[in-house]
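J.: Before we start, here is the structure in question, set down as structure tokens.
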Amino acid sequence: MKRSFLLFPVLVICIAQQCHAQITPTSLEIGTALKQALEQGTIKSTDQLSAVDGFFGNTAVKILLPPEAQKAEKTLRGMGMGKLCDDAILSLNRAAEDAAIQAKPIFITAIKQMTLQDVTNILLGSPDAATQYFKRTTTADLAVKFSPVIKVSLDKVNATKYYATVAATYNKVPFVHKINPDIVAYATQKAIDGLFIEIAVQELTIRQNIGARPTPLLQKVFAFADKNKKF
């Protein structure tokens, strides 16, 4: 009987160690799961934003006229030129939707190039750690890819024409501060900003929502992260 009592604590310790081994993921599992999650989130983000009304129908990322042009917009709407302003805004968002699909291969490359340290920092980091990683590693490439696509798209739907007309019309008003008629750089930056906003949403979802972790590996790794995160 004494022997049974002596063996019981040892048995408990052994079971606890086995359970811990099952719960704690390996470095390979962490890297694989996190990359799966990031690929899932970035693909979903780009698919949503590249769809019709992906930008225009989403108030969080909808592109409005540049701040320096919004005073002009108000003046022009007051002069009965609301449709001109509406056409310019719609065109900006359509251009961003056209460009968004270009982000997929850029994000996939950034994911493949992650180091173990990158993976660990993201998994156990702040709620937007992955989003910040993508900002650091992909913004320049996104701008290079987005800009020509946005220009073609804006030209295709006459957005450059609409905006140039808005600017030219407003610039004729006496004593107003003139606005820049070049809209491509602005639209490119806003499209990139919108993409990161959506990626941040997807990142937060998978961190907070167990239902957004469809595979056992994702569940295991993010359960580990939930218990060990720094923030």
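The values are calculated or read from the model by the stated rules, or taken from the named source; none is laboratory data. A quick note: this is a predicted structure, and the numbers were derived from the prediction, not measured. Positions of Cβ are generated from backbone atoms using ideal geometry, with glycine treated the same way; all protein chains shown enter the neighbour counts. Please note that ligands, DNA and RNA were not included when accessible areas were found on the heavy atoms of the full protein model with its side chains. Shrake-Rupley method; radii C 1.70, N 1.55, O 1.52, S 1.80 Å.
J.: One residue is enough: does the range 38-60 have a residue meeting the conditions at pLDDT below 95, under 25 Å from Tyr163 (Cα atoms) and part of a loop (DSSP other than H, G, I, E, B)?
T.: No, the range 38-60 contains no residue that is at pLDDT below 95, under 25 Å from Tyr163 (Cα atoms) and part of a loop (DSSP other than H, G, I, E, B).
J.: Please go through the range 67-81 and give me each residue that is part of a helix (DSSP H, G or I) and modelled with pLDDT of 85 or more, ordered by number. I'd like the intermediate steps shown before the answer.
T.: So the first thing to find is which residues in the range 67-81 are part of a helix (DSSP H, G or I), and the list is 67-78.
Listed by number, the residues that qualify are Arg77, Gly78.
J.: If a residue must be open to solvent by less than 40 Å² (accessible area, probe 1.4 Å) and among the small types (Gly, Ala, Ser), how many such residues does the range 67-89 contain? Give the derivation first.
T.: First, pick out the residues of the range 67-89 that are open to solvent by less than 40 Å² (accessible area, probe 1.4 Å): 69, 72-73, 76, 82, 84-85, 87-89.
Within this subset, residues satisfying the condition of being among the small types (Gly, Ala, Ser) are 69, 72, 82, 88.
Looking only at that region, the number is 4.
J.: Now, a different point. Read through the list (1) surrounded by fewer than 22 Cβ atoms within 10 Å (Cβ to Cβ); (2) at pLDDT below 85; (3) farther than 18 Å from Leu49 by Cβ, then give the number of the only condition that Ala167 fails.
T.: Going through (1) surrounded by fewer than 22 Cβ atoms within 10 Å (Cβ to Cβ); (2) at pLDDT below 85; (3) farther than 18 Å from Leu49 by Cβ one by one, Ala167 breaks only (1).
J.: Right, here's the next one. Taking the range 199-229 on its own, how many of its residues are open to solvent by 40 Å² or more (accessible area, probe 1.4 Å) and farther than 18 Å from Gly31 by Cα?
T.: So the count comes out to 7.
Each row is one residue, and each column tells you yes or no for (1) closer than 21 Å to Gln36 by Cα; (2) basic (Lys, Arg).
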site: Leu124; (1), (2): yes, no
site: Thr137; (1), (2): yes, no
site: Asp141; (1), (2): no, no
site: Ser147; (1), (2): no, no
site: Lys156; (1), (2): no, yes
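J.: Another question about this same structure. Which of (1) in contact with a Ser or Thr (Cβ under 8 Å, 6 or more places away or on another chain); (2) over 19 Å from Lys104 (Cβ atoms); (3) modelled with pLDDT of 90 or more does Leu204 not meet, given it meets every other one?
T.: The one condition Leu204 does not meet is (1).
J.: Still on this structure, I have one more. Which residue, of Leu64, Leu92, is aliphatic (A, V, I, L, M), open to solvent by 70 Å² or more (accessible area, probe 1.4 Å), modelled with pLDDT under 95 and under 15 Å from Gly194 (Cβ atoms)? Give the steps one after another, and end with the answer.
T.: Details: Leu92 fails: open to solvent by 70 Å² or more (accessible area, probe 1.4 Å).
Within the list Leu64, Leu92, the selection yields Leu64.
J.: Would you tally the residues in the range 115-174 being part of a loop (DSSP other than H, G, I, E, B), touching a residue at least 24 places away in the same chain (Cβ under 8 Å) and out of contact with any Ser or Thr (no Cβ under 9 Å at 6 or more places or on another chain)? Working first, answer last.
T.: First, the residues of the range 115-174 that are part of a loop (DSSP other than H, G, I, E, B): 115, 124-128, 157-158, 172-174.
Those left that are additionally touching a residue at least 24 places away in the same chain (Cβ under 8 Å): 124-128, 157-158, 173.
Add one more test, that the residue is out of contact with any Ser or Thr (no Cβ under 9 Å at 6 or more places or on another chain), and what stays is 124-128.
Summing the residues that are part of a loop (DSSP other than H, G, I, E, B), touching a residue at least 24 places away in the same chain (Cβ under 8 Å) and out of contact with any Ser or Thr (no Cβ under 9 Å at 6 or more places or on another chain) in the range 115-174 gives 5.
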